[in-house]
Amino acid sequence: MNSSLSPVYPDPLDAVVLAGTDSNPRRMIEGQNKAFLELGGEILVHRVVEALLKASTIGNILVVGPAERLREALSDLPDQVIIVDQAGQMLSNAWAAINASEALFRDRTGRDDPLRPLLFISSDLPLITPAAVDDFVHRCAREDDRSSVKYGMLAGVADESSLRQFYSAAGKEGIQRPYVNFSDCRLRLANIYVGRPRKLSNNKFLQTGFSHRKAEKLKNVINLAWKFLSQHGGWRAAWITLRLQATLAVSGKQGRLYRWLRSHNKTVDAEKSCGDVLGGPVRIVITPYGGLSLDVDNDEDYQVLSRCFDDWSRLGPVEPPVLVRV
């Protein structure tokens with residue numbers, strides 16, 4: 001699907017696969033680190049890494065998590081796959097892999113490049129494909145190519161148009177999760193990013209955002225808005241966060257209040273606020289592969305994904321809407 005997405009990065013991107021931890025019971029599914037769940041006859045982290053190996057836009061693959069278990073799970077894969085031992089929470093783990101990638105680049109080229117982009121991806125994406133990865137990287141390269149600045153973060157999201165095919169219908173089970181309701185689209189995070197972490201002067205706040213990312217939980221939204229207030233540009237970010245939550249709260253009936261609130265929710269405002277808080281430019285990039293948004297979020301989702309895997313694996317991409325950034 002990416003034949004029209006001509007811009008590419010000069011070199012394949014190193015990919016950082018976040019494979020979680022065995023020490024946080026709140027992140028377990030069926031008592032297990034999600035990365036090591038089996039779905040479709042294959043361990044999830046193995047499925048994700050195999051897709052990355054087959055993607056033409058990806059170079060080294062750094063998998064960070066419980067190292068001993070990862071070595072066992074990925075022992076049949078080539079040296080292109082590098083295991084990085086977990087360092088703590090998500091952000092600490094990401095930095096362990098970032099530092100490892102930078103060391104590899106330094107050894108290979110004899111120089112540093114702090115603005116070299118990397119791909120970041122979750123390890124629990126059963127519907128990932130090499131085509132989905134390549135398509136997303138091409139879309140990010142196109143956004144970078146169009147801009148006078150190189151983005152600190154290009155955040156992958158899926159539009160409702162690509163996720164409807166996973167809804168329950170006609171007696172078939174499915175998965176439907178809440179959206180962030182913007183004026184011209186309804187989006188969910190897609191668990192894939194291209195980033196230049198050293199271009200984000202306040203990248204430590206990413207851990208805060210990750211910890212409170214479940215928008216359907218009101219307490220998380222309020223906590224996140226409160227945390228925003230201590231950051232540069234935080235008042236605006238807190239206001240946008242609360243307004244988006246209010247739009248979600250009244251979205252059920254699609255009434256006049258919902259339509260009015262939604263009409264004022266602009267993706268460009270969200271991008272600017274996120275950039276202000278993180279200390280670097282942020283861009284939203286819509287993937288047509290809605291399956292990238294279907295991670296194993298809880299036990300129920302795991303069961304549904306397991307039963308629907310064969311059918312859903314055959315579903316194709318849905319071209320997303322063009323965002324209006326005015």
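The values are calculated or read from the model by the stated rules, or taken from the named source; none is laboratory data. It should be emphasised that the depicted structure is a prediction, and the values quoted were computed from it without experimental measurement. Cβ coordinates were reconstructed from backbone atoms using ideal geometry, including for glycine residues, and neighbour counts include every protein chain displayed.
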Index of the failed condition, Asp144 passing every other in (1) more than 27 Å from Pro317 (Cα to Cα); (2) out of contact with any strand residue (DSSP E or B) (no Cβ under 6 Å at 6 or more places or on another chain): (1)
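Anything in segment 292-304 that is touching a helix residue (DSSP H, G or I) at 6+ places or on another chain (Cβ under 7 Å) and either outside any loop (DSSP other than H, G, I, E, B) or at pLDDT 95 or above (or both)? List them, or say none. Don't jump to the end; show me each part of the working.
Initial filter on segment 292-304 (touching a helix residue (DSSP H, G or I) at 6+ places or on another chain (Cβ under 7 Å)): 292-294, 296.
Once the filter is applied, which keeps residues that are touching a helix residue (DSSP H, G or I) at 6+ places or on another chain (Cβ under 7 Å) and either outside any loop (DSSP other than H, G, I, E, B) or at pLDDT 95 or above (or both), segment 292-304 yields Leu292, Ser293, Leu294.
Quick grid of which residues meet (1) closer than 16 Å to Asp297 by Cβ; (2) hydroxyl-bearing (Ser, Thr, Tyr); (3) in the same structural domain as Leu244 (by TED's automatic domain parsing); (4) out of contact with any strand residue (DSSP E or B) (no Cβ under 9 Å at 6 or more places or on another chain):
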{"position": "Val149", "(1), (2), (3), (4)": "no, no, no, yes"}
{"position": "Ala155", "(1), (2), (3), (4)": "no, no, no, no"}
{"position": "Asp159", "(1), (2), (3), (4)": "no, no, no, no"}
{"position": "Arg164", "(1), (2), (3), (4)": "no, no, no, yes"}
{"position": "Tyr167", "(1), (2), (3), (4)": "yes, yes, no, yes"}
{"position": "Arg186", "(1), (2), (3), (4)": "no, no, no, no"}
{"position": "Leu189", "(1), (2), (3), (4)": "yes, no, no, no"}
{"position": "Tyr193", "(1), (2), (3), (4)": "no, yes, no, no"}
Can you say whether Lys272 is free of Cβ contacts under 8 Å to residues at least 60 places away in the same chain, out of contact with any helix residue (DSSP H, G or I) (no Cβ under 6 Å at 6 or more places or on another chain) and within 17 Å of Gln176 (Cβ to Cβ), as far as the supplied structure shows? no
Read through the list (1) within 19 Å of the chain's Cα centre (by Cα); (2) within 26 Å of Ala131 (Cα to Cα), then give the number of the only condition that Trp95 fails. (2)
Could you count how many residues in segment 276-326 are small (Gly, Ala, Ser), in contact with a Pro (Cβ under 9 Å, 6 or more places away or on another chain) and closer than 17 Å to Leu187 by Cβ? 2
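Return yes when Glu319 is out of contact with any His (no Cβ under 8 Å at 6 or more places or on another chain), surrounded by fewer than 20 Cβ atoms within 10 Å (Cβ to Cβ) and assigned by TED's automatic domain parsing to the domain that holds Asp184 and no when it is not.
no
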Within segment 104-117, is even one residue at pLDDT 95 or above, crowded, with 18+ Cβ neighbours inside 10 Å and under 19 Å from Arg325 (Cα atoms)? no
Within the group Asp145, Asp134, Asp159, which residue is of a type in the set (Asp, Glu), surrounded by fewer than 24 Cβ atoms within 10 Å (Cβ to Cβ) and at pLDDT 95 or above? Asp134
Which condition does Cys274 not pass, out of (1) surrounded by 20 or more Cβ atoms within 10 Å (Cβ to Cβ); (2) at pLDDT below 90; (3) in the same structural domain as Ser123 (by TED's automatic domain parsing), if it passes all the others? (3)
Could you count how many residues in segment 34-82 are surrounded by fewer than 16 Cβ atoms within 10 Å (Cβ to Cβ), free of Cβ contacts under 8 Å to residues at least 40 places away in the same chain and under 20 Å from Asp299 (Cβ atoms)? 3
Cβ pairs under 9 Å, 6+ apart, first in segment 252-267 and exposed (fewer than 14 other Cβ atoms within 10 Å of the Cβ), second of a type in the set (Lys, Arg): His264/Arg243
How many residues of segment 241-291 are small (Gly, Ala, Ser), touching a strand residue (DSSP E or B) at 6+ places or on another chain (Cβ under 9 Å) and not in a helix (DSSP H, G or I)? The answer is 2
